[in-house]
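Data first, discussion second: the structure below is written as structure tokens.
Rule-based calculations on the coordinates, nothing more; no lab input. What you see is a predicted model, and the numbers here were worked out from it, not measured in a lab. Please note: Cβ atoms are built from the backbone with ideal geometry, for glycine as well, and neighbour counts cover all protein chains shown.
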Amino acid sequence: MSVLIADPIDKEAQRMLEAAGFEVSAPGEPTPEEIMKIIPDCEVLVVRSRTKVTKEMIDAGKKLKVIARAGVGVDTIDTAAAEQRGIEVINAPGSNSRSVAEHAVGLMFAVARMIPQADSSMKAGKWEKKLFKGSELEGKTLGVLGYGHVGESVAHIAHALGMEVLVWTRTPRTDPPFQFVAALEEVLRRADIITIHLSKSAETARLIADSEFGKMKQGVLLVNTARGGIVEEEALLRALQSGKVGGAGLDVFGNEPTPNRVLITHPRVVATPHIAALTREAQQRAGLQIVEQLIDWVRGQ
């Protein structure tokens with residue numbers, strides 16, 4: 001079975017594919033145009049977040065049987081077009097959860113303690129000790145929006161740090177020591193820090209906008225490692241400029257690479273280029289999970 005790896009995966013995972021008898025083509029990071037030329041002869045397409053699998057790409061893959069996303073979200077794949085063709089879409093749920101959770105908590109520390117700003121000041125030859133008075137996380141109330149693998153992991157880390165944890169999710173549950181609340185407004189009103197761990201959908205698009213910022217505490221901190229578009233960026237910028245939001249840690253943006261220089265260069269914003277899931281461990285887990293699923297899929301045919 002022929003496999004096109006359009007985005008590089010873990011080397012050990014690729015070796016497992018080859019050892020299992022798959023004919024693997026791994027051209028590095030081909031452009032969409034290059035993929036369109038290669039895909040007609042491929043039965044399996046493996047991607048990560050870089051490659052957007054469009055309807056046109058799927059239609060060009062006349063032999064396609066499986067699209068494998070070496071990661072969690074499948075929002076970069078036109079799943080409707082794949083379903084229409086009878087193409088199976090698989091992913092690696094939970095493979096990067098710990099990595100994203102740790103990055104989210106890292107952004108909390110970075111924003112609360114202004115670590116990147118202090119580092120930049122030092123590298124500029126300054127010693128602005130009085131300028132960077134931060135806040136502790138212990139004793140603060142954390143609002144976790146979404147309680148999937150990542151949200152749950154963040155909640156446990158935050159609790160270990162001595163934070164009070166409020167959780168807003170579509171499927172409330174009893175999971176001490178966290179408080180599950182039914183109303184988003186209550187989390188917005190009570191939280192000192194809000195961290196977003198929701199999937200992108202019609203329901204969550206622009207979930208956090210001017211109205212929601214208005215309900216938050218003065219000086220609240222916001223972290224988003226989920227998906228761009230859940231937070232309305234212009235509303236966030238207004239909230240930062242007014243002081244309503246005291247700082248933001250952002251790993252995802254409405255458009256990527258983001259053209260919003262005003263937002264990412266704001267002095268109270270810590271921005272990273274969608275790297276929360278980018279760890280050696282997460283990439284290895286994702287690659288191996290995908291390969292194991294592909295091998296099982298072939299055996300089941």
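Projected label points at residue 281 and residue 79, each 7 Å from Cα along the beta carbon direction, are separated by 2.7 nanometres. Given the options 125, 259, 111, identify the residue whose Cα lies farthest towards the positive end of the charge dipole of the range 97-271 (+1 on Cβ of Lys, Arg; -1 on Cβ of Asp, Glu). So the residue furthest toward the plus end is 125. Taking the Cα centre of the range 206-301 as reference, the dipole from Cβ charges on Lys and Arg (+1) and Asp and Glu (-1) amounts to some 260 debye. A simple count of charges around residue 87, restricted to other residues whose Cβ falls under 13 Å of its Cβ and scoring Lys, Arg +1 and Asp, Glu -1, yields +1. The dipole here belongs to the range 97-271: it is taken about the Cα centre, uses +1 on the Cβ of Lys and Arg and -1 on the Cβ of Asp and Glu, and is about 480 debye. So for the pair residue 170, residue 156, with labels modelled 7 Å out along Cα→Cβ, what separation do we get in nm? Placing both labels 7 Å along Cα→Cβ, they lie 2.4 nm apart. A simple spin-label model places pseudo-atoms 7 Å from Cα toward Cβ; at residue 182 and residue 15 they are separated by 5.5 nm. Gain on full extension, evaluated as 0.36 nm per residue between residue 129 and residue 203 minus their Cα-Cα distance, stands at 22.3 nm. For the range 183-244, GluC sites (Glu not before Pro) meeting the loop criterion (DSSP other than H, G, I, E, B) and having at most 16 other Cβ atoms within 10 Å: 203. Around the Cα centre of the chain, unit charges on the Cβ atoms of Lys, Arg, Asp and Glu (plus for the first two, minus for the last two) sum to a dipole of about 880 debye. When only Cα pairs under 8 Å and 6 or more residues apart are kept, what is the percent relative contact order across the chain? After rounding, I find 17 percent.
Taking the fewest neighbouring Cβ atoms within 10 Å as the starting point, the ordered list for 206, 48, 190 is 206, 190, 48. The residue among 245, 188, 94 whose Cα reaches farthest toward the positive pole of the charge dipole of the chain, with charges on the beta-carbon of Lys, Arg, Asp and Glu, is 245. A straight chain from residue 210 to residue 25 at 0.36 nm per residue would run longer than the Cα-Cα distance by 61.8 nm. The sum of -39500 (n - 2.57) across all DSSP H runs of n ≥ 4, divided by the residue count of the chain, sets its helix-only mean residue ellipticity at 222 nm to -11000 deg cm²/dmol.
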